[in-house]
1. Name all residues of the range 365-392 having a backbone nitrogen under 11 Å from the label point set 7 Å from the Cα of L333 along its Cα→Cβ direction, giving them as ranges.
2. Using DSSP to call loops (not H, G, I, E or B), can you name the chymotrypsin sites (Phe, Trp or Tyr not before Pro) in the range 392-423 whose Cβ has at most 14 other Cβ atoms within 10 angstrom?
3. What is the antiparallel percent of DSSP beta bridges lying wholly in the chain, to the nearest 5?
4. Could you give the length gained by full extension between V718 and E389, i.e. 0.36 nm per residue of separation minus their alpha carbon distance, to one decimal place?
5. Can you pull the one-decimal nm distance between simple spin-label points at D111 and I661, each 7 Å off the Cα toward Cβ?
6. Collect residues whose amide H, placed 1.01 Å from N in the peptide plane, falls under 5 Å from the amide H of H215; neighbours closer than 5 in sequence don't count.
7. If you fit an axis through the alpha-carbon atoms of helix 321-338 and take the longest principal axis of the Cα set of the chain, what angle between them do you get, 0 to 90°, nearest 10?
8. The range 24-87: which chymotrypsin sites (Phe, Trp or Tyr not before Pro) are DSSP loop and have at most 15 other beta-carbon atoms within 10 angstrom?
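Nothing in this text is a laboratory measurement; each read-out follows from the coordinates by a stated rule. Just so we're clear, the structure is a prediction, and the values are computed from it rather than from any experiment. Here Cβ is always computed from backbone atoms with ideal geometry, including for glycine, and neighbour counts include all displayed protein chains.
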Amino acid sequence: MTDALLNTLLNPAMAGAFAGAVLVAALTLRWLITAVVTFRATAWVPAVSRRLSSWVTAHHYTGDAFFTADGADAPLVARRMRALDRLSDSLGTRFQRSAAWGDGIRDGFSDLRFADANRVPFPFAPLMRDKFNLTTAVTASEGPRLRDLDGGWSLDVSGSYGLNVAGFDRYKMWIEKGWDRVKDLGPVLGPVHPIVADNIRMLRNFSGLDEVSFHMSGTEAVMAAVRLARFNTRRTLIVCFSGAYHGWWDGVIPGLGSERPLDDCLVLKDLSPTSLHVIERRRHEIAAVLVNPVQSFHPNTPPPNDAVLLTSEVRKTEDARERYASWLQNLRLTCTTADVPLIFDEVYTGFRLAPGGAQEFFGVQADMVVYGKTVAGGLPIGVVCGRRELMQRFDQQRPMRLAYVVGTFSAHPAVMGAMYEFLTWATEDESDARYEEMNQRCAAWVLSTNRRLADDSLPIRVVALGTIWTVLFKQPGRYNWLLQYYLRDEGITLSWVGTGRCLASMDFTSADYATLERAIVRAARQMMHDGWWLSADMSPRMETRMRMRLLREMLESLVPAPVKSFYTEVMLRKKDDHHASHNDFGNQMLHLISSSVFLYCYATLPFDLTTAVCLGLASLFVRQFGHAVLEPDAHEKEMSLLGFNTRNKTLIVAGYLLIPIAHMVQTQSLQYAVFVERLPAIAEHWWFWTQTVIIGRVAYLIWKFSFRTSMIWYVKLVTDPLTDVITYFPRRQRA
Ligand SMILES: Cc1ncc(COP(=O)(O)O)c(C=O)c1O
């Protein structure tokens, strides 16, 4: 063996082939290992849910079903109905003009329709839209308060999607002062105002990076950063982390929200060492790793929008600051070793968690940072800061290679003016202290609010990351999303994502926090009083039941409409049959016995036809005995429902009797031993007769009615044993 191998290796042609084979095997093995590691680190939920989204069909709760999604009983349903009507009246009266204004523009304003459609989980949406109009038309702001079209003031916790860090009054001032600085130039684009140099200087200081480019929104800045990373590394793959939002560009939406499947964006699990391993192994393909640091709040899950609040489980928030900081540090190390650029998308966290954003908050320096929201002092903006070698948009060696990243409104003078005011303010010595105070005040509010919620045994808590906060639901519930309506009734303005993501700002005084605390406690108390949370003794095994129901609804919604209506009709026939002819307890018990035996026969039929057919006939007899003796009047009803009449039944029974008689006649013996010997043949003929009767009946129903009706009858017949056992099982009967 060894000699043969040696001879082969000494032959140059064979040695070449051998080396080639070893190389191919090694490369295949390497590829396989990379594929397996990538598979383990990949977050599959986004891609799977995107695929599912084109299958899931709409289903809505109407009537009582709206109020019983968690299994509530009739008295509770009545209480909930009254509560919803009262809430609807209260909000309707209070926001009459806003609602009328919304109604007037809804048809022509698709943004408004989108927000309205995505406020609550979709099965509840139509009824909520009928009863409530949450259009928020506002005309003024003062401190953290907004004045609506009806003249009322409410406390704003929407934070303008993250823009409002410093308080609206400051932004008003910055916009005005900024405009004063540039108004002689006006909206001149192309040539730039000298103030741009100051902004670049300050942004370089804050970001710790070499270069800056200006864009019009966070989404656009993310697109620019990714494009630049690809251009300068000459690689295509972008790594994102599960659940992270990076704006609405479909290049970074692997899950729900975009229909485009992505082959150049790999979505890995957050906080996972295997993800680091993948980055290392695939470093030659990866153009950049993109991180949204707000994920430290809820790693691996999407922004906690109320519309996906199907059960309380969904709203998980981790106090993962320490863990996340060490994850980011490891990620930094891996990216440095692998020479893969690390991009921080700080559109949300930049200038919010700290003046230096998440980089300062978590102590990690990125290679590129994207800013947006607050950084232009209240005007629309997107900014990319990056290391020099990553910010190149042309290739000096190959002049035809360009990264075409431009935009009409980039560095608009008005935006640059307001940005100058904001950045100058953020650079002031007191700035750190202001941020510290803002975060501490919010943390103190969280403590005090949670204490009151716990004292009142209310099943919610609040949790914050800096001034970003969310509501946690401690108890299983299908109606948690309703809290946003109760809060609105208490004078709190939320964005369309509801209680999932709320914000405080620097101008939230202790008095404002106290107001917010009172509003949350009152809203939760009222919700509790109105019966939207069931206690464990009201509904045992509530969590499991809700999950099972959700799963059933989800699976049902995947079933095509014709199959669904077929199923509904079969079940309706079963229900009618059950009510018409199975009311006697004794009859029901006989059905339970015969159906259980039938199920056994189904299982044994392929292996032991004789036993299965004999037992099947015996249980058929038991069934018919129940109808004939214990519930005789049911016979008529059964006849009218199923179309069987006495003549048909007699003929069928006669057929079964004739078979053994024919065998006896053929053997000319009445001996039991002979009967037993012939039983397998008799059973075969009984089985054949059964098939004939069923096929005959199907053919008759097709001729008389339709193929569909015949199939409904057939499926009902075949599945009756199973549904009978479920229906007549004693525990189920008690329920
Ligand atoms: C982290 C992050 N990136 C990007 C964006 C998109 O920014 P914009 O809405 O300005 O396009 C957002 C918006 O919320 C964001 O939170």
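1. none
2. Working: sites: F394, Y404, F409, Y420, F422; in loops: Y404, F409.
Passing sites in the range 392-423 are Y404.
3. Numbers: 27 of 42 bridges.
Within the chain, antiparallel bridges account for around 65 percent of the total.
4. Details: separation 329, 0.36 × 329 = 118.44 nm, distance 7.11 nm.
Gain on extension, V718 to E389, equals 111.3 nm.
5. 8.6
6. Under 5 Å from the amide H of H215 lie the amide H atoms of G382, V383, V384, A411, each far enough along the sequence or on another chain.
7. 80
8. Working: sites: W31, F39, W44, W55, Y61, F66, F67; in loops: W44, W55, Y61.
Those satisfying the criteria are W44, W55.
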